1. Out of (1) in contact with a Lys or Arg (Cβ under 7 Å, 6 or more places away or on another chain); (2) closer than 23 Å to residue 143 by Cβ, the odd one out for residue 190 is which?
2. Yes or no: the stretch 61-69 includes at least one residue that is touching a Gly at 6+ places or on another chain (Cβ under 6 Å) and polar (S, T, N, Q).
3. Output the number of residues of the stretch 225-249 satisfying the condition of being in contact (Cβ under 8 Å) with a residue 24 or more places away in the chain and either in contact with a Gly (Cβ under 9 Å, 6 or more places away or on another chain) or surrounded by fewer than 11 Cβ atoms within 10 Å (Cβ to Cβ) (or both).
4. Can you spot a residue in the stretch 49-66 that is within 21 Å of residue 165 (Cβ to Cβ), modelled with pLDDT under 95 and in the same structural domain as residue 165 (by TED's automatic domain parsing)?
5. Given the criteria of a type in the set (D, E, K, R), in contact with an Asp or Glu (Cβ under 8 Å, 6 or more places away or on another chain) and at negative phi, does residue 146 qualify?
6. What's the number of the only condition in (1) more than 30 Å from residue 5 (Cα to Cα); (2) at pLDDT 95 or above; (3) among the basic types (Lys, Arg) that residue 230 fails to meet?
7. Inspect all residues belonging to the stretch 224-239 and state whether any of them is part of a helix (DSSP H, G or I) and under 20 Å from the mean Cα position of the chain (by Cα).
8. Restricting attention to the stretch 180-215, and to residues there that are in contact with a Leu (Cβ under 9 Å, 6 or more places away or on another chain) and among the charged types (D, E, K, R), which single residue is modelled with the lowest pLDDT?
Amino acid sequence: MTLLIVTPMHNEADNVDGIVETLRAQTWQDFDWVVVDDGSTDGTAQALARADVEGRARVFSKQNDGGLIGGSAYTSWRFGVAHGFTLGDYTHVMKLDADVRLAPDYLARVVPAATGDVGISGGVIVSPGMVEQKVHVPGPVKLYTRAAWEATTGMPSAVGFDVLDEMAVAEAGLRTVVDTGARFELARAIGASEGRVHGRFRNGRMCRWTGYSFPYFLLHAARYAGRSPRVVGSLAMLWGYARAGRGPYAPELRRAHARSHHRKLRAMVRNPLRFWSDTYRL
């Protein structure tokens, strides 16, 4: 198995040392690393050159084209994959954000797990206050087989890609697997690379674009209401949902995602404690 890791970076100078160290510490080293400097203005490329003393990263540069709301992280990631695939043949490809800090055995666990009918694999966030559902691979660490990647190539590069990609992969007959023993932390609050309020607004938009019904969205928003900034963040999430419109994604992917919500709601109603344990408890 060979892995192409692509890290989009926009003004990540403060996170460069951490991502270099987390990759240096991995027990599984059969990977190549591509970094896309997405129009950084804070010296990200220079910081990377100082930190990456082994010269592990292959760096490509591009202009930023729309910010996170405009899907620049996914545009940059796909840009890096396209350039990386020309460097060699890979069985797997991974989006790894600059603020991620992987446990040393992370790649050793999740890469072998993505084989056969498993198209996406990943672990769980263990940073305090950032725990997410353990039935979904978080966007900062999305790992795909080559076949799973190809199943997503027709999707737009937009907010919500890392949610509906699992629906597209399922349509191709491939599963998503989460290894709760494969753990990682984030150097900042999830979704807060452009500020926490901006992140909540973006989260609300993502929910609308990916097919959240309003009742399910309210349950989702209630879970975030306990995280700072509570009041302003909650209002920003509601505003993001209200202002989003239908979004760019195919209706069949949105409907498939909505059906997954219905299954979760039924499970929650039948046994709330078991649902919480199965979905969130580590």
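1. (1)
2. The initial filter retains those residues of the stretch 61-69 that are touching a Gly at 6+ places or on another chain (Cβ under 6 Å), namely 63-64.
Subsequent filtering for residues that are polar (S, T, N, Q) retains 63-64.
Yes: one or more hits.
3. Filtering the stretch 225-249 down to residues in contact (Cβ under 8 Å) with a residue 24 or more places away in the chain leaves 227-229, 232-234, 236-249.
Then keep just the ones that are either in contact with a Gly (Cβ under 9 Å, 6 or more places away or on another chain) or surrounded by fewer than 11 Cβ atoms within 10 Å (Cβ to Cβ) (or both); that gives 227-228, 233, 236-249.
Within the stretch 225-249, residues that are in contact (Cβ under 8 Å) with a residue 24 or more places away in the chain and either in contact with a Gly (Cβ under 9 Å, 6 or more places away or on another chain) or surrounded by fewer than 11 Cβ atoms within 10 Å (Cβ to Cβ) (or both) number 17.
4. The initial filter retains those residues of the stretch 49-66 that are within 21 Å of residue 165 (Cβ to Cβ), namely 65-66.
In the following step, the residues that additionally are modelled with pLDDT under 95 were identified as 65-66.
Now drop any that are not in the same structural domain as residue 165 (by TED's automatic domain parsing), which leaves 65-66.
For the stretch 49-66, residues within 21 Å of residue 165 (Cβ to Cβ), modelled with pLDDT under 95 and in the same structural domain as residue 165 (by TED's automatic domain parsing): present.
5. On the way: of a type in the set (D, E, K, R): yes; in contact with an Asp or Glu (Cβ under 8 Å, 6 or more places away or on another chain): no; at negative phi: yes.
Answer is no for this residue.
6. In the conditions (1) more than 30 Å from residue 5 (Cα to Cα); (2) at pLDDT 95 or above; (3) among the basic types (Lys, Arg), residue 230 misses (2) alone.
7. So the first thing to find is which residues in the stretch 224-239 are part of a helix (DSSP H, G or I), and the list is 224, 230-239.
Cutting the leftovers down to under 20 Å from the mean Cα position of the chain (by Cα) gives us 224, 237.
Checked against the condition, which is being part of a helix (DSSP H, G or I) and under 20 Å from the mean Cα position of the chain (by Cα), the stretch 224-239 yields at least one hit.
8. Taking the candidates together, the pick is 194.
The values are calculated or read from the model by the stated rules, or taken from the named source; none is laboratory data. Given the structure is predicted, the values throughout are model-derived calculations rather than measurements. Here the Cβ is made from the backbone with ideal geometry for all residues, glycine too, and neighbour counts use every protein chain on show.
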